[in-house]
Each structure stands twice: as C-alpha cells, then as structure tokens.
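The values are calculated or read from the model by the stated rules, or taken from the named source; none is laboratory data. Because the structure is predicted, anything quoted here is derived from the model rather than measured. Note: ideal-geometry Cβ built from the backbone for every residue, glycine included; neighbour counts use all protein chains shown.
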Amino acid sequence: MKAIRLKTEYMDNPIGIDVTKPMLSWNAISEESDADKKGDARQTAYEINAYIDDELVWSSGKVLSSKMHTLYGGKLKSKDCIKWMVRLWNDSDTVGDFSDSSMFEMGLLNREEFKALWINPEIDTKADEHQNASYLEKDFEIKDNYKKARLYITSHGLYEAYINGERVGDNILTPGPGSYDKSLHYQTYDVTELIKEGGNTIRVILGDGWYRGCLGVDGDRNLYGEDVALWMQLEADGEIVCMSDGDFRASNQGALKQNDLQQGEIYDANDEEIDDWHEVKVENYDTDILCSSNMVPVTEHERFEGKIISTPNGETVIDYGQNLAGYIEFTINAHKGDKIILTHGESLDENGNFTQENFQDRDRHKEGGIRQQVVYICKEGVNHYKTRFSIWGFRYAKVDTSINFADGQFSAIAVYSDMEELSTFSCSEPLLEKLYENTMWSMKSNFCYVPTDCPTRERAAWTGDIGIFIKSGMYLMDCYTVVKNWLHECAMCQYPDGKVSNIAPKNNRPGMMTELLAGSVGWGDAVIIVPWEMYLRYSDERILEENLDMMKKWYEYLQSRAGSNKDAQGEIDINNIPDEYKAMVANMPKEALMEMMKKFAPKQESKDSKYDKYAITTGTDYGEWCEPDVDSVSNMGTPQSKVATAYFARSGRLLSKILRKLGDDEKASYYEEISKGAT
C-alpha cells in the first residue's frame, strides 16, 4: 500500500502559507503485495517523516489509524521549506514504501519581517472617473550567488508582476476580492529562475479591481478607497534585494487605459513603450492586516476558439460556443489608429440577435449598465491583446470595427479558482448529461476566490446561494480552500448583534435595507450549514472551531427574534427610501413595505402555548425567494414565520451536533432543547 496525492492545507506544494499547524492529507492505492486483497486492502497505520534540507525535523512515528490526514506536529518558523512523505501499513500489518515527497513553505509569520513600504503611483486621482492603469518599475542588483528567491506581493487593486520581462507566476486577478479594510492577502512566488546576477528590473502593473472598480448590481465604485497602491518585497536566500519604496518610478501613460472588472478595458497599442515616468508617493497604509491567502489561486483554464457569425439584424458576432466566466485573447492585423470594440454577452435574444438585457438593471447601475467591453486601438501590423484586469460572463462578443478581421484569431479563456474536478457523469440520456455539464460550468463560472451568484449582474458572494449548493459543490470540485476563505469574510462582516451580511465581502455601499435584510433566515444560517457540511465531507474539525463564535452569535440573534410578536412602534416615511432601493421595492404594497421596514420588536413571551417562545413571527426575511407564482420582493413584507422557525430549529440542531463534536456536551444539550422546541 502506498500514499499518493499528498496535499498540505488541501493544496499541492503550497508556498507562502501562514498556518502554523497545517493539515497534511493523502490518498492510498494498493500495490502488488496487496493483490490478494482484490482491492479491499485498507490502511491501518501511517508514518510521516518531514525534512528541511534533507535533515529530519519531525516524524509522527507509526500511528495506528485509518485516517488519511493529520496536523503537522513539528515547529515551524517563517520561510521554512518542509519536504514530507508518508508510508502506510495495510490490514495485514505490512508496511509499504514511502511515498513520493511533497512540500510546503511558510510565508512571513512575524510582523517585523514586513519591511516594504506602501507606494502610490498616481499623482492626481480623480475619484469620480475611471483611471488609467499604473505601471511601476525599479532596477536592482544581485551580487552574490543564491539558491532561491521569493517575491511577496499584494496591492490595493489588482496587480501583475514581471521580472526582466518575464511574467511572475500564473495567478490572475490577484490579490482577489476581500474586506480590504480588515484583512489583505499577499501572495508568494518562486522567482528563482527569473532573477539573475547583475542588473535586474521588476515591473508591476496595477488596475482597479475589487478595491475601487465597479461592483455589484449598483455599480458602486471606490468601496475601499480611491487609490491604487503596491506592497512588495523580493528576497534572495532570505535577504531583501528589492522592495517597494520611494526609489520606484511610475507612469499612468501606458497602453492599458480604463480597466474595470465589470466594464472592461480600453487598450491603446501605440502606448506600449513608456517614456513618461514620475516619482511614487510613499504611503502610511497598514501592513498589520497583511496575511497569506492560504487558498488555491485563480488561473486560466479551458480555451474556446471563436466562430464569426452574422445575426438577423446584420451585426457581426463571435460565438465561442460555451457560456463561461473569463476574458478574451486575440491577434489581428491592422493599421495604426484602427479600432475594434468587442461587447460581451451571454445569449442571443428571441430573434437571434446579440443582447445584454438578460443581466442588466440599468436604472440601478451607477453607470447605466454593465458594459463587459474591450476597446482596442491598433498599432501598425500585428496586434495582440489579452485581458488583464476584467472578467465577464459571456459566450458571444458583438464586434464593431472597420477592420477586416476574418483572418484574426479570437479565443475565450475560462477563469476560475484552481479547483480539482472530482467527479464525472455519463448516462444514456443526453439531457441529463447536459444538466450535469451545465452544473459544472455554473460552478466554474462562480468560483473566483469566493463563491458568487452569477458572473454578470451581481457577482455577489451571497450566503444563501452557497448554503444551498455547498454539498453538491464539494462533490463536483475540491472547493475547500475557497469556501474556507469566504467563511472568514463572513466572520469579518458580521454585525455586532449577530446578524450576518447577506454578501461577504461587500460589493455595494450598505444602505438602509442592507442591515435590515442581514437578519434573513436561510441566508444567515449558511454560516452554520456550510461549516457543518464541510466537516462531514473532509472530517477537519478546525472548520467548526474557526467558525464557532460566528455561528453562536448568529444563533443568539435568532433567539432574540424568537417569541417576539409585538409590532415595532413609530412612523416610517417611505419617501426616505434611498434611490438605489426604490426600483427594488417599486411594486411592493405600501402596507407590506411598512411592515418590512419596521425594526424587530422586543421579545415578548406568549401565554398561549409553551412552544410560542420558539416561534419566529416578526422581522424581515427573504423567505422562499424563488417560490413559484410568488412575488418574492413583496413577500419580504410579510413575516416568514414558517420558514424562519424551521431554520431556527435546523440551525439549533446542527449547532448542537457541532458542539457535541467539539466536546461541549452542556452547550450541545442547550441548543438541542431549543431545536426540539422549535420543531
């Protein structure tokens, strides 16, 4: 018997993690010596050996267990590079050979190791306008021989890094979405092969991203700040050889102009050579919030070649043959100053013409709608373009140009978190096979650092969506690290009274209704449901321990609603509803809207039944959002007592199981009693 598929923290050979007791896991296969077992051989024990530079630093010894995971038991410090391997015993107590080795490397664990400075490349930021991308450069020397080099880097906005003209890593849209004001991920790259003795140059391009770009159905911008900024330090054998500081030069006059996750990019190929540089500004931004992402990156995946078609209304459209979330790459021949505009959408309308109207909410969006557009201005000769800082949901691209591009090459590239596919499905019914295929593509198109609802209109990490999908999702793809990261966002966005933000991290400016609806059952209950399902699938108790405080706070909030049946007092002026919500509630009856806007009533015990104290009969909930023949928005105005009480019972039951699993029987019994009362 031999161990295979060794992983650390559910990743293959990760570098730059900051989990000091990482999870080591593996699978097992039978070898020839197990052949007489006919596939029934089982692991009965394991032994792990771990090394630094071929020196044994930790051994588990022989552990009698059928479990194929355990926590690393040695001591770890910053930048340690651990090589580890496993050997297994079968049910005949025969030991197999040690596995092939796997590795992991620690990131920066001590605050004093973050030496670099935050630098701002923009001279004058116009917050109400889309800004050009920023280019930053610095020259540096490597004088001595070195064994390994690491780049630690993050940004306000998105970044792409190059050393001596070569792209650093294959991660894209880094550092990803997040609560930038509370926690900011940095990434670690092995750049040993990119640097050289003597002179070197590092270039970093910064775009708007989730930090200050258009987000959500409202198209809000500058949610976390109005600047873009860079933090990076490059180390050779543990010594800093280059870091972000006042010696960098910057330019905002490169080829990439406007860049926005939703709206797309404007690129002028005539400005690829930059000669207009200026000094950067050193900023006093916080480095204490920097931490490793500890999750799989977002990378490029499937590619689809475009086919040119003509629609009934005479428009030229490129059909990539697959609805996906991602971006494009193309090569065309053109003359200087020629322009090509590509506008991306998911479908053709009922007449077979290109449309974006299936995902638009033009009245709500601050810029009148989501463009998903590339505007490319050509140089003379061969022109090549690939999107950097934008991502869309699309299958089709409408083309507006005078260029003859019939000989051009156009590709759509699927972009999603680098999750391993775990399942396949085939049967004799093509429609069932297509349903499975569409489900898989739906998952791929909605896992970009966090799980979202759609890649076009909202692009929001809704709690309710993953609460429903998590069980299926874990069987389709290995999404553990992505969902774990999202749960961390939920915890950071939780309200003091226990309510859970419906969307985490935020992707719009919170308004009057945002906090009100953060108390919605089903949506908030996802912070209990999701960790429990993850535990059942992976048997890693840490996911329960890490999220227990958030779970208990949410349930305490539900308890504050239970038994309350007295209406809140006070007059509410419906005319004070913010403009961004008027479209949402336009068709809601006044009485229902008044009810929805009321604050929750103080708890009042009912004298009618001993079970009434467990019923949730007040408050504002989304309820059965997709219930057939029901106006979901209007339905929010009526207390969803059946749904609310059902979730109150279910979450209490799950919380009881979780606490019993973690060894707190007293608290487990307490929640079990509440669950029984609400059932």
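Points to keep in mind about this one:
- Filtered by the rule that a residue be more than 9 Å from residue 616 (Cβ to Cβ), assigned to a loop (DSSP other than H, G, I, E, B) and either more than 30 Å from the chain's Cα centre (by Cα) or not assigned by TED's automatic domain parsing to the domain that holds residue 526 (or both), the range 626-650 gives 628, 629, 630, 631, 637, 638.
- Extreme residue, surrounded by the most Cβ atoms within 10 Å (Cβ to Cβ), among residues of the range 127-159 that are assigned to a strand (DSSP E or B) and polar (S, T, N, Q): 155
- Any chance residue 414 is more than 23 Å from residue 650 (Cα to Cα) and touching a His at 6+ places or on another chain (Cβ under 6 Å): yes
- If the condition is being more than 25 Å from residue 434 (Cα to Cα), buried (at least 18 other Cβ atoms within 10 Å of the Cβ) and among the hydroxyl-bearing types (Ser, Thr, Tyr), then the range 312-349 contributes only 343.
- From the options 111, 150, 167, residue that is within 26 Å of residue 493 (Cβ to Cβ) and either assigned by TED's automatic domain parsing to the domain that holds residue 327 or out of contact with any His (no Cβ under 7 Å at 6 or more places or on another chain) (or both): 111
- Near pairs, Cβ below 6 angstrom, 6+ apart or cross-chain, from the range 201-230 (touching a residue at least 40 places away in the same chain (Cβ under 8 Å) and assigned to a strand (DSSP E or B)) to any residue that is basic (Lys, Arg) and surrounded by fewer than 24 Cβ atoms within 10 Å (Cβ to Cβ): 202/138; 220/509
- Within the range 81-124, if we keep just the residues that are aromatic (Phe, Trp, Tyr) and within 30 Å of residue 42 (Cβ to Cβ), the residue that is surrounded by the most Cβ atoms within 10 Å (Cβ to Cβ) turns out to be 104.
- Selection within the range 424-457 - assigned to a loop (DSSP other than H, G, I, E, B), at pLDDT 95 or above and either of a type in the set (D, E, K, R) or in contact with a strand residue (DSSP E or B) (Cβ under 8 Å, 6 or more places away or on another chain) (or both): 429, 445, 446, 449, 452, 453, 454, 455, 456
- Tally of residues being part of a loop (DSSP other than H, G, I, E, B) and surrounded by 19 or more Cβ atoms within 10 Å (Cβ to Cβ) across the range 517-539: 8
- Residue 355 surrounded by 16 or more Cβ atoms within 10 Å (Cβ to Cβ) and without any contact (Cβ under 8 Å) to a residue 24 or more places away in the chain: yes
- Wholly enclosed strands (runs of 3 or more DSSP E) of the range 2-88 bearing at least 2 residues modelled with pLDDT of 95 or more and touching a His at 6+ places or on another chain (Cβ under 7 Å): 23-29
- Members of the range 182-200 found to be surrounded by fewer than 20 Cβ atoms within 10 Å (Cβ to Cβ) and either charged (D, E, K, R) or outside any strand (DSSP E or B) (or both), listed by number: 182, 183, 190, 192, 193, 196, 197
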